Amino acid sequence: MGMPPEPIPFRLNDSNLRRLISDTAKDSGCVFITPHAKKRMRERRITLAQVLDCLRNGRVSEPSHTNLQGNWQCTLTRRNAGDEVRVAAAIERTEDGDWAVVITVF
């Protein structure tokens, strides 16, 4: 018996990334909001609840891609409280698990 094969990573596509972000954001403790995103939230009067709803239930409105840090990234859109909220988010994979990183909101 040899070593077990390496796990096959998810293919980078909108559906897989949306599902991964949604699953990760179910635990708000696994969501990191960058200082830039916090500033934009204040400026645009977008609440944390709206951002979390977008992460958990939004649809991909800008395609998934690998960003400069090597993480999967996309923009999600969700209509919430009469407003259309867009969140640019990425998944950062660490030894401690996955993090949903909110890059900006608009």
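As a summary of the residue check, A81 satisfies the conditions (1) out of contact with any strand residue (DSSP E or B) (no Cβ under 7 Å at 6 or more places or on another chain); (2) at pLDDT 90 or above; (3) of a type outside the set (S, T, N, Q) except for the one numbered (2).
Among the criteria (1) of a type in the set (D, E); (2) at pLDDT 95 or above; (3) exposed (fewer than 12 other Cβ atoms within 10 Å of the Cβ), the one E6 does not fulfil is (2). Selection of region 9-34 for residues being under 12 Å from I91 (Cβ atoms) and in a helix (DSSP H, G or I) yields N16, L17, R18, R19, L20, I21, S22, D23, T24, A25, C30.
Within the option set R56, R93, R44, R40, being within 22 Å of N13 (Cα to Cα) and at pLDDT 95 or above holds for one residue only, R56. Listed by position, the strands (runs of 3 or more DSSP E) contained in region 35-98 that have at least 2 residues being surrounded by fewer than 14 Cβ atoms within 10 Å (Cβ to Cβ) are 59-66, 83-94.
The values are calculated or read from the model by the stated rules, or taken from the named source; none is laboratory data. Keep in mind it's a predicted model, so treat the numbers as computed, not measured. All Cβ positions, even for glycine, are placed from backbone atoms using ideal geometry, and neighbour counts span all protein chains on display.
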